[in-house]
Each structure stands twice: as C-alpha cells, then as structure tokens.
Amino acid sequence: MTLRYRPHHFLCSLGFRGAGYSDGFTANMARIVGGLRAPGGEGTVIEVTGSADGICGPCPKRRGAGCVSQDKIDRFDAAHGKALGVAPGDRLSWGEARRRIRDNVRPGDLATLCAGCQWLSLGYCEDALAELHAG
C-alpha cells in the first residue's frame with residue numbers, strides 16, 4: 001500500500017492521538033495512523049505530494065486539492081519538507097520518515113516548525129517526538 005502525504009503530515013502522524021477537525025477526519029486519520037503503527041507499518045511506502053493527500057480527504061477545510069487555510073498549510077509543508085529533506089514526488093517508507101524525524105527534528109523544535117498549528121498546544125506532537133528520541 002502506498003500513502004500520499006503532504007510534508008507536514010509526517011509529524012502530524014507521529015503525534016496523532018485522536019483529535020481532529022470532524023468525526024470523519026478523525027476516523028480517517030486513525031485508520032491511516034493505525035496502519036503505520038501496526039506490525040509491518042514501518043514498511044509502508046509514502047509518496048510526498050504538494051496537494052491534498054489521503055489525510056486531507058474528509059477534512060471539512062478541504063477545497064478541491066487545497067485548503068481554506070492554504071497559506072498556512074504551504075508554510076507548514078515548506079518548513080517540514082526542508083527539515084525532513086522531502087519534496088513532492090519523493091517516496092520513502094514510514095520507517096525512513098521516522099528516522100528522518102528523529103535525526104532532524106529535536107524536542108523543542110516544534111514551537112518554530114509548527115508555529116500557528118491549532119493542535120500544538122495539546123502537546124501530543126512534542127510528547128511523541130520526545131518518545132521517538134528516547135527510543
């Protein structure tokens with residue numbers, strides 16, 4: 001199975017803890033992230049995209065291949081793409097993505113990297129990043 005991901009969704013998937021924009025969005029995200037966390041999930045291939053992806057599908061903020069918050073999403077994607085060394089068209093496994101997160105994103109970096117994200121204050125992503133670094 002190959003997933004399509006915007007660059008910022010790598011970190012969103014790492015930190016996902018069941019919160020979302022709507023019930024449909026949350027259920028879809030739980031299904032996708034559950035597959036990544038399941039045995040063998042590290043081998044899941046992800047293709048990086050610069051537009052709406054599998055996570056965006058049921059999002060109430062989605063507008064075609066874009067988002068009502070497109071400027072913010074573009075900033076997140078640019079920052080996360082640079083931090084992880086990924087760009088649209090790249091393909092990597094979830095295991096490789098986790099290694100890139102661990103190697104390139106330090107605890108505390110999310111305050112800058114994800115500035116403006118409504119989920120940041122919940123602390124889920126920072127906790128997940130700390131867990132990743134702890135091994």
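The values are calculated or read from the model by the stated rules, or taken from the named source; none is laboratory data. Predicted, not measured: the structure shown is a model, and the values here were computed from it. Here Cβ is always computed from backbone atoms with ideal geometry, including for glycine, and neighbour counts include all displayed protein chains. The protein model used for the area step is the full one, side chains on, heavy atoms only, and it has no ligands, DNA or RNA in it. Shrake-Rupley method; radii C 1.70, N 1.55, O 1.52, S 1.80 Å.
With N set to the number of residues, divide the alpha-carbon radius of gyration of the chain by 2.2 N^0.38 Å and report two decimals.
The reported ratio for this selection is 0.96.
How long is the gain from Glu131 to Asp90 if the chain were fully straight, where each residue apart is worth 0.36 nm and the alpha carbon distance is subtracted?
12.1 nm
Net charge near Glu131, counting Lys/Arg +1 and Asp/Glu -1 over other residues with Cβ under 14 Å of its Cβ?
Charge balance near Glu131 sits at +3.
Around Cys117, which amide H atoms from residues at least 5 apart in sequence, or from another chain, sit under 5 Å from its own amide H, with H modelled in the peptide plane?
For Cys117, no residues qualify.
Report the local net charge at His9: Lys and Arg +1, Asp and Glu -1, summed over other residues whose C-beta lies under 11 Å from its C-beta.
Here the count lands on 0.
Take the solvent-accessible surface of the protein heavy atoms, probe 1.4 Å, and return the percent of it on region 84-126 that carbon and sulfur atoms account for.
Percent of accessible area from carbon and sulfur atoms in region 84-126: 49.
Place +1 on the Cβ of every Lys and Arg and -1 on the Cβ of every Asp and Glu in the chain, take the dipole about the Cα centre, and give the residue among Cys125, Gly54, Phe16 whose Cα lies farthest towards its positive end.
Highest projection toward the positive end goes to Gly54.
Mean separation of Cα pairs under 8 Å and 6+ residues apart, divided by the residue count of the chain: what relative contact order is that in percent?
32 percent
Per residue, how much accessible area does the chain show when a 1.4 Å probe rolls over the protein heavy atoms, in square angstrom?
Accessible area per residue, the chain: 49 Å².
Give me, ordered by chain and number, the residues 5 or more places off Asp90 or on other chains with an amide H under 5 Å from its own placed amide H.
Here Val48 satisfy the definition.
At 7 Å along the Cα-to-beta-carbon direction for both Gln118 and Ser22, put a label point, then send me their distance in nm to one decimal.
A separation of 1.3 nm, rounded to one decimal place.
Gaussian network model of the chain, Cα springs within a sub-10 Å range: biggest mean-square fluctuation belongs to which of Thr112, Thr26, Thr44?
Thr112
Run the 1.4 Å probe and let me know the accessible area of Cys125, rounded to the nearest 10 Å².
Taking all protein chains as shown, Cys125 has close to 40 Å².
Given a Förster radius of 30 Å and the C-beta distance between Ala78 and Met1 as r, what FRET efficiency does 1/(1 + (r/R0)^6) yield to the nearest 0.05?
0.65
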